[in-house]
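Structure, as structure tokens:
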Amino acid sequence: MRVAAVGDLHVVPGSAFRLRPLYQRAAIVADVLLLAGDLTNDGELDSAAELCTVVRGLDLPVVAVLGNHDHDAGEGPRVAAMLGDASAIVLDGTAATIGTAAGPVGVAGVTGFADNHLADGGPGGRTPEDAAADAFHLRDALASLDTDVRIALTHYAPVRETLTGEAPGLHRFLGSSLLGAAIDGSRAAGAGRGTGPGRGATAARRSGMAGTGATAGTLDPPGPASVLPSDGPAPAPADGSWHDSVIPGCVIPGCVTPGCGAGAPDAPATALAVHGHAHHGQETGRTPGGTPVRNVARPVIVAPFAVYQVPGGARIG
């Protein structure tokens, strides 16, 4: 299967005339197009309308998550709805199974978060509880997919490796190992405090951003809602070493997180993780559990989109 992917388009009014022909080519060279957030420059609705002109009617499925810039004007749900009307599938803690010429592919997506945002809020006004919930929902959305090929799509980086090239002091602003743990099937947060948060606290925020145009997985986890200690999360390490602080405690059969021991060999592994946001990072990385990670921020791939062969994640275009 050939997966085209790009993030950080930062579309502004007037750019569709130039971009549309580039993305029409995606249908020739790929089976699905993934958009990894910061699709508009400012989150304004005129920029969103321009983006819709770029992706509407492309002859291949388009799956997207929003980025922090897509929330800048406070219109994130409307941006997502407009993309849905343009036949894109917008994911926010949800999953979709998509038919392609190469067979079905399951994609689970969430904007994600950076560790420092746990203290002062993230895109769309996320709270600490929302951030932890995002990791849980990504994990459960991936687990809900019954496809041989599963892909994780985020805006923020799930591993530190793809941030190489960014100033080390900025790493904690660009991603979180909790997302990488979720991709690997780890509990990701709240070890010993139940199996995950309920969706009630974030349902309103997600209501305009569920998977549109495809079957979304059921994400409600079975355990209690509490995932954070009463005094809140620990602050992000000042040296940016959040990548080394994954909390163990697997609840997903087949988890390949090192030290888990709960694995079952018949559970499908995530074939690829795609993210944007790290404009000065490197393209390739890997989760602790071995999932290939690709940073597809447009300044990194230096192309309208990159094409990867799945499984394996080798770049072929």
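Summary table
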item	result
Ranked by how many other beta carbons lie within 10 Å on average, peptides 10-18, 101-109 from highest	101-109, 10-18
Average accessible area per residue (Å²) across segment 1-57 - probe 1.4 Å, nucleic acids and ligands excluded	36
Surrounding net charge for I98, when Lys and Arg each add one and Asp and Glu each subtract one, Cβ distance under 15 Å	-2
Spin-label pair D42/A314, simplified geometry with 7 Å Cα→Cβ offset, distance in nm	4.4
Apportionment of accessible area to carbon and sulfur, segment 44-99, percent (1.4 Å)	44
Gyration tensor (alpha-carbon) shape descriptor, segment 1-103, a/c threshold 1.5	oblate
Estimated distance in nm for a label pair at H280 and R20, the labels positioned 7 Å out from Cα along Cα-to-Cβ	3.6
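The values are calculated or read from the model by the stated rules, or taken from the named source; none is laboratory data. Bear in mind that the values here come from a model prediction, so they are computed numbers and not experimental data. All Cβ positions, glycine included, derive from the backbone under ideal geometry; neighbour counts span all protein chains shown. When the accessible area is computed, the model is the full protein with side chains, heavy atoms only, and any ligands, DNA or RNA have been set aside. Shrake-Rupley method; radii C 1.70, N 1.55, O 1.52, S 1.80 Å.
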